[in-house]
Structure formats: C-alpha cells, structure tokens
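Here the structure is laid out as structure tokens; the discussion comes afterwards.
Bear in mind that the values in this text are calculations on the coordinates, not laboratory data. Predicted model, so just to flag it, every value in this text is computed and none were measured. Neighbour counts run over all protein chains shown; Cβ positions are idealised from the backbone, glycine included.
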Amino acid sequence: MKTFKTRQAIRKYLNEHPQLSVGFAPTMGALHNGHLSLIKRSKSENDITVCSIFVNPTQFNDPADLEKYPRPIEADMAKLESAGCDILFAPEVSEMYDDNEQWHLDIGPVEHLLEGEFRPGHYQGVMQIVFKLLDVVKPHNLYMGQKDYQQFLVVQRMVELLNLQVDMVMCPIEREADGLAMSSRNVHLSDTERKRALVLSKTLNYIKDHFDVSREAELEEQAMEMLAAEEGVEPEYFRIVDGKTLYPATPASTSVVALTAAKVGKTRLIDNVLIY
Ligand code: AMP
C-alpha cells in the first residue's frame, strides 16, 4: 500500500495512471470491519482503491469529542494492508485547510432534519471535507456506509447540485454478532454500556417487524419508550421516514427507513434499519 500525506503527491501518482478506475472510501480512521467492507467492495469494482484517514475538525460540534476521537494509525495501516487497499491518503489538518476558511452550501431540508437538529453545522463540515477529498482523489466511485444514512443523502445532494462526476455506492451496515452496529466510538463503551447499547438495534428491529404506515407516530413513541427504559441510555430521536426525503414516511414512500440516535453513558451512537 502506498501512503501519501500531501494532495500534490497523491494527485501526481494518480495522474500517472489515468487509464485506471478509482474507488474511494473516506474515513476518520479507527478502522473496523464496517470500513473494511467499503474497501473490499471498492476493490471488487475498481482498478485502484483509495482510503483516506482524516479526523475532520469542521464536522465536530463538540471539541471534547474531537479531542478524544481514537487515532490508532499503525493498526489502521495494518488493517488496510490486509484488506488489500492500494493507497492511503492521510493528510494533516493544515494540508486540507487554510486558516479561517469559509464554506456553505445550501442543500435544503435534508441537512437540518434528524442529526442536523442535534448537530447543527455538522453536515456543512462533512460536505466541506468530502468536496475537498473528491477534488483531490477524483474517484469514479465513492463508497459510503448506510450506517450514516443521512450523511449519504447529504453527500448525494451535494454531488447532484455541483454536478460532480462520481457514482455513489451505499454499503450495508456491518454489525457485531449480537447486533451492535460497528462504530469507531464503540471503544468508549464500558462492558456494561456495551450491553445496554444493544437496545438500539433491538428497538430498530422491533419497529421493522411491527411497521405499519398508519401507526407511525405511535410506533416512534413506543420506540422512544423502549430506548429510555434501558438504564444509562438517553434517546435523542427515533424517526420512521421516507428514505429519500427524510420526511415522515407516507403510503406513497418507495423506501422507508427508521433512524435513531442515543447517548449510552457519554457516548453518542447512531443506527438505522431499512424497513423497505
Ligand atoms: P467514519 O470513519 O465513521 O467517518 O466512517 C467512514 C465510512 O465508513 C462512512 O461512509 C461510514 O458510513 C462507513 N461506516 C461506518 N461504520 C460502518 C458500519 N458499521 N458498516 C458499514 N459502513 C460503516
């Protein structure tokens, strides 16, 4: 695997291989099998697979969360090597941002619903870094996880609005054997919290099994109660929405997804399930 730390160096390398198709999976590191599933999918569909590891400061609303975000770079590199990743792009913050840089792109309501309500400005930071990374890597295919369902829609809207030439691929959520969605933040959970966190995937599955579009509000309320009933778990939201707009699902919705966010102890977790 080749590792690049500057935009110029990775661009120079990729320019030397213009005939090869490029797949790209942006990450913030602390890699787990969820991330590696993106790499493997990309490998099966492209000539070259690029992974970036960059803990993007502009998407954190909580400085303490940014500070304590895990950064096990050596272990990450070993995992990428064994997954067969071709290129790692791991720039410093100063390589990606000038001082006092401004960014704003109006993509409409999808930015402000769900996560947007609880993490104002978060998706502006996500778009800012994904735009910069796409500009450097210029991939044919961009691999992102269903785990961050709303993030996928946000980036998709940016790609449409700016007419960026990239195809987006959504990869399914990788879970631990007991159902917990893999996340870099899971390392912050104590053994007890780790068990309590299972209430997220259990509640999502319960709602999927009992879904009825005419009982949506009631099911959302029931789900919030199930989450809150677990000791040490503080739910932020549980919504059943149209998979394209993130507004409440209707009988006309062609896809429906249930999404939730909850604090387990001090750790904020998100998860979702496609109902259809
Ligand atoms: P992150 O490092 O958390 O920014 O995630 C980088 C990419 O990996 C994003 O596209 C995520 O949606 C994806 N991802 C994170 N966790 C999982 C998971 N459990 N299964 C599949 N993809 C994931």
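Summary of computed values
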quantity: Qualifying trypsin sites (Lys or Arg not before Pro) in the range 199-276, DSSP loop, other Cβ atoms within 10 Å at most 15; calculated: 244, 266
quantity: In sequence order, calculated HN-Hα J values of the range 168-177 (Karplus, 6.51, -1.76, 1.60; Hz; x Gly/Pro); calculated: 9, 10, 8, 9, x, 6, 8, 10, 5, 4
quantity: Dipole moment magnitude, nearest 20 debye, the chain about Cα centre, only Lys, Arg, Asp, Glu C-beta charged; calculated: 760
quantity: 20 °C / 1.002 mPa s Stokes-Einstein diffusion coefficient of the range 2-171, Kirkwood radius on C-alpha pairs, µm²/s; calculated: 131
quantity: Residue 205/residue 169 FRET efficiency (R0 25 Å; Cβ-Cβ; nearest 0.05); calculated: 0.50
quantity: Kirkwood-based Rg to Rh ratio, the range 166-276, C-alpha trace; calculated: 0.98
quantity: Amide H within-cut-off set for residue 145, under 5 Å, with H built and near neighbours excluded; calculated: 171
quantity: 222 nm mean residue ellipticity, helices alone, for the chain (DSSP H n ≥ 4; -39,500 (n - 2.57); rounded to 500); calculated: -11500 deg cm²/dmol
quantity: Candidates 227, 66, 31: whichever shows maximal mean-square fluctuation once the chain is modelled as a Gaussian network with Cα springs under 10 Å; calculated: 66
quantity: Chain lengthening between residue 160 and residue 8 when straightened (0.36 nm per residue, less Cα-Cα); calculated: 52.1 nm
quantity: Helix runs (DSSP H) in the chain reaching 20 Å along axis by Cα, Kyte-Doolittle at least 0.0; calculated: 122-137
quantity: For the range 97-251: rounded, prolate or oblate by the Cα gyration tensor [a/c cutoff 1.5]; calculated: prolate
quantity: Footprinting exposure proxy for 123, 69 (fewest neighbouring C-beta atoms within 10 Å first); calculated: 69, 123
quantity: Contour minus Cα-Cα distance for residue 1 and residue 62 (0.36 nm per residue); calculated: 18.6 nm
quantity: Kirkwood Rh (inverse of mean 1/r, distinct Cα pairs), the range 35-81, angstrom; calculated: 12.6
